[in-house]
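Here's the structure, in structure tokens; my notes come after.
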Amino acid sequence: MSTDQSAATVESLTARFGDQIRYEQPTLTGMPVLWVSREALVDILEALRCLPEPFEMLYDLTAIDERMRSHRDGLPAADFTVVYQLLSVSGNRDFMLKVALSEHDLTLPTAIPVYPNADWYEREVWDMFGIRFAGHPNLRRILMPPTWNGHPLRKDHHARATEFDPYTLTVEGQDKEQQALQFVPEDWGMKRHNDDTDFMFLNLGPNHPSAHGAFRLVLQLDGEEVIDCVPDIGYHHRGAEKMAERQSWHSFIPYTDRIDYVGGVMNNLPYVLAVEKLAGIEVNERIATVRVMMSELFRITSHLLFLGTYLQDLGAMSPVFFTFTDRQKAYVVIEAITGFRMHPAWFRIGGLMQDLPKGWDRLMQEFVDWMPSRLDEYERTMMENSMVRDRTVHVAAFDTANALAWGVTGPNLRATGCDFDLRKKRPYSGYENFEFDVPLGTNGDAFDRGQLRIEEMRQSLRIIQQCIDRMPEGDYKADHPLTTPPPRDKMLQHIETLITHFLQVSWGPVLPANESLQMVEATKGINSYYLTSDHSAMSYRTRIRTPSFPHLQQIPALMRGGFVPDLIAHLGSIDFVMADVDR
Amino acid sequence: MAYTLTRANDAVAQQSASYPLGERQRVEDPMKQQVHRSVFTGKLEDVLNSTVNWGRKNSLWPYNFGLSCCYVEMTTAFTAPHDVARFGAEVIRASPRQADFMVIAGTCFVKMAPVIQQLYDQMLEPKWVISMGQCANSGGMYDIYSVVQGVDKFLPVDVYVPGCPPRPEAFLQGLQLLQDSIQEERRPLSWVVGDQGVYRADMSSQREKHRDRRIQATELRTPDSV
Ligand code: SF4
């Protein structure tokens, strides 16, 4: 990432927009953060999208309730701040814009004309904060039920369910909720019929075997043809971001495992790296290498689950039995090292939960030796299979420009031929020390998305092999006062060290006030944690940007005019889990 | 053994009634009363009941329904390494109307609850519910505005499987416990014969059953080697 270039961009914006640029905020996010006026926002977004090395993607759009924040030195006055984070793939850099809003006037112009994927993000901000976007065509709730009252991420909204009476469902309430879930085509600007056909409206989900969880897609059909469709999410909203505001920095780690719930410790990584930035902790090579190794192992288990279900959605019943057998082999290693299967929560602020056990390398080697022939077999039997090819080649294809406009990242982006892998472009946790290739697709279709993941597993195996061969020596905890839990031998020196230890273990570490952000190349795309610390034992605001959210938003743009079986093939090829969408 | 009796009088429910519908009461083993009437028909009914229950418990068709992470461990139990077919429960149905039991595998969200209720209502009697994982049991680690604190707030649950997520083996044990409880059940043998109530046996909790043995363990293996 070039800081000169970013400085030049800031300068040219200031020259063009003058005092519409209110303030440049210093942060630990690694990108320029500009506070801009609401009036100039859309023009500035447009300007950034039209640079010679443009910001092609609206990477994230969220908000912060600033009303309870005490450390706001130098920041413009604001009750709420709306945050726009842009990503330039061509320039490999980021940019953040913030707009200050007052409680009495929570309105902003919509950014949809500039970035089409602002649509869902703006609905989410409306749902969670009650901020309106003027000109948005469908500003309705997206995560909470339509019958909900209040905006959960506001600081004055309750967090716990147990602060209220226990949940009850009455016969009347059931009717009311079911009615509220009824799909009304007119609300979405759809017609019930045209001159020669009556359209059929079909609910796919919220519980459907091909929907991979609690996800609903309403289809407008003319026979087998999908005229239009409306994805409906929020059936899996677990309030993880609100949860972060009442857990200590340390005790939030297990919640991250459950975001992309097949990604295991891969989810811990962006979180602990972002916290370590705030705390100023540098970990040694051993910790970094173990983190890489375990994350790659989880990438393989996640891709194996993908492969099995993807082929099952296409009608092949047996691959899932094979890939789950492989997953079981991976879990033997994972369990021996971390003590748990799916959600180990094994990374710590400044280190790991414990060191690698004796004999780990033998187990890991067994797994690494087991996999390659299996992958070859999957490739030969399935990806070269003419039926699989007929169902997927040139199905639901999109190009790089389309992917970037919709915020698509990860393997789905690389399937279009775009070489953008954070592990190469912005190495974190020591990825620069490993040799591996970034597989690319050509057509960006459902076939390439499947094929590419098989190749990615091979590369992950390569990385793991290098970890086995060259595991550095070292401690599993960084020697730093904010490492949590603190190294035990530091505790027993005198009363001062004992008190410090006690406070840090019971209340958790207090991190300096600042903002930090870490992106990683997670199993399904780019996952990042954007942390705001207000100098306390808890996070002031934790924003979790997940890759699957934009991937689902893109579905209607792709499927209009497609056929139902293609839709199923596409759903199988996206690789999403609902926790990674709704959080 | 004590039983819980539910009668099928919930067909016309009041608007204000809350789920789960129907009244529950604790009763004695209904077979005992039969035996008082006539030793012969009592025995006959006993044999018939056991035979029907034996058939039911060994051909449980699960509903393919998942909510979140726990569902992944549930599917793991369905695949080759764990092989749920050993217990006759491998015929996964995609429609609630064909399924015998539903596993609430995952978090029960406020937005999803009415949908779960609808799906449960679409299943035909006899039907059972396994609550898999701490989220479904009690809300688990998600005491948060959007999560119902346990699916038993509106569904009648037969077996609770603890864990976050439970291992596939734990799910299989839950399935076997459900089978054990089905073996003890008393249901109407026909819609014209006898009492129309459903008698469910109150099974003892595994925690109580195994507590004595478990607290014997004083030393656990260290995690320092594999
Ligand atoms: S109990 Fe744990 S594993 Fe299961 S759904 Fe809840 S959070 Fe996920």
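The values are calculated or read from the model by the stated rules, or taken from the named source; none is laboratory data. In this text the structure is predicted, and so the values were computed from the model without any measurement. Cβ coordinates were reconstructed from backbone atoms using ideal geometry, including for glycine residues, and neighbour counts include every protein chain displayed. To get the accessible areas, we keep the full protein, side chains included, count just its heavy atoms, and leave off ligands, DNA and RNA. Shrake-Rupley method; radii C 1.70, N 1.55, O 1.52, S 1.80 Å.
Quick notes
- Average beta-carbon neighbours from other chains, 10 Å sphere, peptide B:72-84: 4
- Three-way shape call for the range A:355-438 based on the alpha-carbon gyration tensor, with the a/c threshold at 1.5: oblate
- In this structure, the pairs whose alpha-carbon distance is over 23 Å, taken from A:Lys329/B:Lys127; B:Lys127/B:Lys153; B:Lys153/B:Lys209, are A:Lys329/B:Lys127; B:Lys153/B:Lys209.
- Split the accessible area of the range A:267-367 by element, probe 1.4 Å, and carbon with sulfur accounts for 55%.
- Cα gyration tensor, the protein assembly as shown - rounded (a/c under 1.5), prolate or oblate: prolate
- Averaged over the residues of A:133-146, the number of partner chain Cβ atoms lying within 10 Å of the residue Cβ comes to 1.
- Centroid-to-centroid separation of the range B:132-176 and the range A:408-484 [C-alpha atoms, Å]: 35
- Across chain B, the longest piece that holds none of the trypsin sites (Lys or Arg not before Pro) lying in DSSP loops with up to 13 other C-beta atoms within 10 Å covers B:8-220.
- For A:155-166, mean number of other protein chain Cβ atoms within 10 Å: 3
- Pairs exceeding a 18 Å alpha-carbon distance, out of A:Lys358/A:Lys490; A:Lys155/A:Lys176; A:Lys277/A:Lys477; A:Lys176/A:Lys242: A:Lys358/A:Lys490; A:Lys155/A:Lys176; A:Lys176/A:Lys242.
- Prolate/oblate/rounded label for the range A:64-190 (Cα gyration tensor, a/c 1.5): oblate
- Measuring gaps between exposed loop sites in chain B (GluC sites (Glu not before Pro); DSSP loop; at most 11 other Cβ atoms within 10 Å), the longest gap, sites not included, is B:24-218.
- Cα centroid separation - the range A:124-177 against the range A:508-583, whole Å: 20
- Where GluC sites (Glu not before Pro) in DSSP loops with at most 14 other Cβ within 10 Å are excluded, longest remaining stretch of chain A: A:104-223
- Those lysines that a straight Cα-Cα span of less than 19 Å connects to A:Lys424, excepting residues fewer than 8 apart in one chain: A:Lys524
- Candidate aspartates and glutamates for bridging to A:Lys98, where Cα separation is under 16 Å - those fewer than 8 sequence places away on the same chain excluded: A:Asp19, A:Glu24, A:Glu39, A:Asp43, A:Glu46, A:Asp60, A:Asp65, A:Glu66, A:Asp73, A:Asp79, A:Glu122, A:Glu515
- Take the Cα of B:Asp224, step 7 Å toward its Cβ, do the same at A:Lys191, and the gap between the two points is 7.6 nm.
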